[in-house]
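Quick note: the coordinates plus some simple rules give every number you see, no bench work behind them. Predicted model only: the values in this text are computed from it and were never measured. Every residue, glycine among them, receives a Cβ derived from its backbone with ideal geometry; neighbour counts consider all protein chains shown.
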Amino acid sequence: MSELVAKGVVKTYGHKNVLQDVDLTLEAGKIYGLIGRNGAGKTTLLSILTSQNPASAGSVTFDGQPVWENPQVLRHLCFSRELNQMTGNNANAMKIKEYLRIAATFFPYWDSEMEKRLVREFDLDVKKKISKLSKGMLSMVTIIVAFCSKAEFTFLDEPVAGLDVVARERFYELLVEEYTETGRTFVVSTHIIEEAAEVLEEVIILDQGKILLKENTQDLLERSVHISGHEDDVNKAAAGLHICREEHMGRSKGVAVLLEKGQQVPESADITIQRMTLQKIFVALCGEEHGHDR
């Protein structure tokens with residue numbers, strides 16, 4: 001099984017470290033979610049993993065071979081970047097059909113039949129210029145590139161930006177269909193966390209340029225709880241547990257907790273214990289008020 005491995009990856013712009021000593025292993029045949037706040041370094045990380053941006057330090061390898069400027073490796077990778085009307089490399093002046101034709105030359109396994117089918121399904125006018133497209137249509141073009149590349153490891157940066165709820169739902173259906181059919185590896189960076197949570201096998205949380213967490217999504221959900229009640233009762237119930245975030249309202253208190261293996265919250269009629277959504281977990285870990293024992 002193929003692996004894409006980053007070791008000690010650092011990216012510096014000027015005096016700012018955008019990525020700090022990132023170690024990350026992506027295994028074949030999984031759908032990963034990459035989540036983080038704006039400026040956390042998500043797009044930079046994806047661009048380095050796919051050799052579109054050099055690391056300042058560290059290495060990225062695919063099955064032991066360096067990714068950087070290695071055509072034999074790059075044929076297995078696709079990073080379908082978020083498009084905008086001001087996209088560089090003259091892409092914004094191209095018509096959709098020209099953009100897709102050029103994209104097809106970069107990917108040796110390009111699926112022309114899928115391209116035609118998705119263009120029809122998304123009702124895209126391929127004679128329109130990239131600069132004239134709406135935000136949602138731009139996302140549709142990046143989705144077509146990602147799926148039709150047929151790359152073994154495919155990375156999508158904010159693929160549902162600008163799409164309405166029906167189109168977003170359809171994207172995730174297509175993602176699961178393609179994954180089930182081909183076993184391709186997908187890494188999806190998104191801010192719309194709850195919609196994606198159901199299809200993500202593993203979640204990667206990037207915070208301030210560092211990997212904060214990489215875990216099976218279901219395992220993470222099962223060990224994440226919110227405890228609320230009177231402050232004294234909550235303190236007693238959460239003693240010795242990993243508290244990620246605290247909230248205070250008068251004499252009441254709420255804490256977000258990540259349980260370790262074998263741990264559980266002692267049951268009590270004086271506290272309320274609730275499961276947390278992936279979005280709530282993310283906010284607890286990366287919100288303004290970080291937990292004191294992180």
In a GNM of the chain with a 10 Å cut-off on Cα contacts, which of Leu24, Leu156, Leu46 has the highest mean-square fluctuation?
Leu24
Any lysines with Cα under 16 Å of the Lys116 Cα? List them, leaving off those in the same chain fewer than 8 positions away.
Lys95, Lys97, Lys127, Lys128, Lys150
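Return the Rg/Rh ratio of the chain with Cα-based radii and a Kirkwood Rh. Display every interim value, and only then the final one.
Details: Rg = 21.2 Å, Rh = 20.7 Å.
Ratio of gyration radius to Kirkwood radius for the chain: 1.02.
Could you grab the relative contact order for the stretch 143-294? Cα pairs under 8 Å, six or more apart, rounded to a whole percent. Before the final figure, lay out the partial values.
Numbers: 207 pairs, mean separation 29.7, N = 152.
Here the relative contact order equals 20 percent.
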Any residue on another chain or 5+ positions along whose placed amide H is under 5 Å from the amide H of Ser2 is listed here as Ala28
Hey, got the dipole for the chain? About the Cα centre, +1 on K and R Cβ, -1 on D and E Cβ, debye to the nearest 20?
1300
About its Cα centre, how strong a charge dipole does the stretch 223-286 have in debye, to the nearest 20, once Lys and Arg get +1 and Asp and Glu get -1 at the Cβ?
280
Explain nothing, just the number: relative contact order of the chain, from Cα pairs under 8 Å at least 6 residues apart, as a whole percent.
19
Just want the ordering: Val119, Val255, from fewest to most Cβ atoms lying within 10 Å of their own Cβ.
Val119, Val255
On a 0 to 90 degree scale, rounded to 10, what angle separates helix 135-149 from the longest Cα axis of the chain?
80
In a Debye calculation with equal point scatterers on the alpha-carbon sites of the stretch 182-233 and no solvent, what is log10 I(q)/I(0) at q = 0.12, 0.14, 0.22, 0.26 Å⁻¹?
-0.39, -0.51, -0.96, -1.14
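I need His242, His15 ordered by Cβ neighbour count within 10 Å, fewest first. Don't skip to the end; give the middle numbers.
Working: His242 16, His15 5.
Final ranking by Cβ density, sparse to dense: His15, His242.
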Order by neighbour count: Arg120, Arg170, Arg223, fewest other Cβ atoms within 10 Å first, most last.
Arg120, Arg170, Arg223
Using the Cα atoms of the stretch 1-133, I'd like the radius of gyration and the largest Cα-Cα distance, Dmax, both in angstrom.
16.8, 47
Between Gly162, Gly29, Gly14, find the one with the highest GNM mean-square fluctuation for the chain; connect C-alpha pairs within less than 10 Å.
Gly14
Angle between the Cα long axis of helix 112-121 and the longest principal axis of the chain, 0 to 90 degrees, nearest 10?
70
What percent do you get for the relative contact order of the stretch 223-286 when only Cα pairs under 8 Å and 6+ apart count?
44
